[in-house]
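Remarks on the structure that follows.
The values are calculated or read from the model by the stated rules, or taken from the named source; none is laboratory data. Here the structure is a predicted model, which is why all the values come from computation and not from measurement. Neighbour counts run over all protein chains shown; Cβ positions are idealised from the backbone, glycine included.
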Number of protein chains: 2
Amino acid sequence: MQKTATEKSNDVIAAQLAPVGRETVQDRVYSELRRALIGGLFEPNQTLTIRGLADALVTSTMPVREALGRLITEKALEALPNRSVRVPPITLDRLDDLLRARILIEGEAIALAATRMTPRQISVIEGMLGEWDEMRALKHKKDVDHEVTLNQSFHFEIYRSCGSAVLIPMIESLWLQSGPCIRVAIYAFSEAGEVDTAHYHRRIVAALAVQDAAAAREALVADISRPFTFLRNKLQADAAAKSENRP
Amino acid sequence: MQKTATEKSNDVIAAQLAPVGRETVQDRVYSELRRALIGGLFEPNQTLTIRGLADALVTSTMPVREALGRLITEKALEALPNRSVRVPPITLDRLDDLLRARILIEGEAIALAATRMTPRQISVIEGMLGEWDEMRALKHKKDVDHEVTLNQSFHFEIYRSCGSAVLIPMIESLWLQSGPCIRVAIYAFSEAGEVDTAHYHRRIVAALAVQDAAAAREALVADISRPFTFLRNKLQADAAAKSENRP
DNA sequence: TCAACGCAAGTGTGATCACAAATCAAAAAT
DNA sequence: ATTTTTGATTTGTGATCACACTTGCGTTGA
């Protein structure tokens, strides 16, 4: 494999220039909708229209409809028989279903990561712990957005270390599906008790630091179960209150 | 909720008429590509073009490009930086990764199904066993297609009983991803030893019949591991042979 | 002889249009 | 007053086109 003169001179240039990367409009639309979904910016049951989103994102309908199609196959959105799409509604069954799947898959991912994370990577998520405390100290009220973002970064930094190109997309799909639910729980959390979310994350980091896969899985299960059981109780309470109003 | 006169007369009609269902072209293209992928009609590393598929399926490019986009997000296809799409190549790592994920998720699904399948449903998959024997008795050579179809029906009949709307799409995604690999294994199987595939299915049915979740999971793991380890050995043998030819 | 250039065919992406189906509101009928 | 009908608007779907980028092959030049 001999290199020609121009190839060699090109190598010199390549060493100084960063690849520009060509992101399509569709990709940006898709990412934007994903972000909104995971962050819970859309409410469950809300219906979305192609033209409406295209206007909001200032593009034509084409990139939007393809992005919507992709999100539908991931079950992040739902295609009604009317051919309109909506954010899937929350039901008790779905909540339990999602939690069970997340415990199963994310639990496996963190168990794998526990034996593969380098000290370097551990220190990264340890740093995130500090960032969390910082945010909590300042106590800005509208930091719910930041909180979910930080939470996401923390978890996926771990999952990325599991070394499975198959599991990670599945976890992303699960987050996409539970995003609209979680938002409700987070809001309720910051209102109600100040149960320190960081405490659970600290337990996870401690387990990972000593490569204890079982403990890490256990701590993770506790972490992700919390908002789900909270939401579950809330839903049941709401249902009870409603049936009491008109028996 | 009071019904009007015409609504009630409509109900009478509705009881006799089956809903016709409005399937879009895109849906048909998507289903067709799925079928081809799971059945292993596409070879790993094969590149696909929108216009080429559109010609083959006798439609315009529009439904095809959206179907391709959906398959790419499911990791059933791969988008190269060149913006061309191909069916993902097989590597040892990917093989192990897929098998681990399938054991995890399909194992959980069958364990759930074990406690939920009705005798009626058990008898259905028992009937499939008979169909399998029948096919094997006739010994038609080109029944590989029928074999993979029957295998798929058998497994998904079980998974459908797990009662999880979240797990099933994930399993479908996994089958989509391992489809192109499995085909190679199936072919090699029918050539090589006559290891009765039905034997493993029989074990599964037996375990499900007595609602033994652990045994069902174990039998399933043996069933799906077989083609994977077979393929794994084949790949390693090929690699060894190649490196021997030019040391 | 082989690298470099240039042209042509092929390909994905996005925009726009036409059409059918759904939705909604006002008008008409009971 | 309630139901039905009618018509206008909205919406998803598929086709077609324009554009930019890639690829492959033949030509040119050293």
Hey, can you tell me all the residues within the stretch A:51-73 that are within 10 Å of residue A:29 (Cβ to Cβ) and among the acidic types (Asp, Glu)? A:66
Residue that is in contact with a Cys (Cβ under 8 Å, 6 or more places away or on another chain) and free of Cβ contacts under 8 Å to residues at least 60 places away in the same chain, where the choices are A:116, A:120, A:100: A:116
Can we say residue B:155 is within 26 Å of residue A:94 (Cα to Cα) and more than 14 Å from chain A (Cβ to nearest Cβ)? yes
Suppose the filter is touching a Leu at 6+ places or on another chain (Cβ under 9 Å) and either within 16 Å of DNA strand D (Cβ to nearest atom) or in the same structural domain as residue B:186 (by TED's automatic domain parsing) (or both); does residue B:56 pass it? no
Would you confirm, using the coordinates I've provided, whether residue B:113 is away from chain A (no Cβ under 13 Å), out of contact with any His (no Cβ under 8 Å at 6 or more places or on another chain) and either away from DNA strand C (no atom under 12 Å from the Cβ) or more than 22 Å from residue B:229 (Cβ to Cβ) (or both)? yes
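When the stretch A:87-101 is examined, which residues are found to be of a type in the set (Lys, Arg) and either modelled with pLDDT under 95 or buried (at least 22 other Cβ atoms within 10 Å of the Cβ) (or both)?
Within the stretch A:87-101, just A:94 meets the criteria.
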Test residue A:217 against the criterion of being farther than 23 Å from residue B:169 by Cβ, among the charged types (D, E, K, R) and at pLDDT below 95, and give yes or no. no
Here are A:76, A:36: which of them is within 14 Å of another protein chain (Cβ to nearest Cβ) and within 16 Å of the chain's Cα centre (by Cα)? A:76
Examine the stretch B:43-50 for a residue that is free of Cβ contacts under 8 Å to residues at least 60 places away in the same chain, near DNA strand C (Cβ under 8 Å from one of its atoms), outside any helix (DSSP H, G or I) and closer than 20 Å to residue A:62 by Cα, and state whether such a residue exists. yes
Taking the stretch B:57-68 as the region of interest, how many residues are over 27 Å from residue B:151 (Cα atoms) and either more than 23 Å from the chain's Cα centre (by Cα) or not acidic (Asp, Glu) (or both)? 8
Looking at the stretch A:42-51, which of its residues are more than 15 Å from DNA strand D (Cβ to nearest atom) and surrounded by 15 or more Cβ atoms within 10 Å (Cβ to Cβ)? A:44
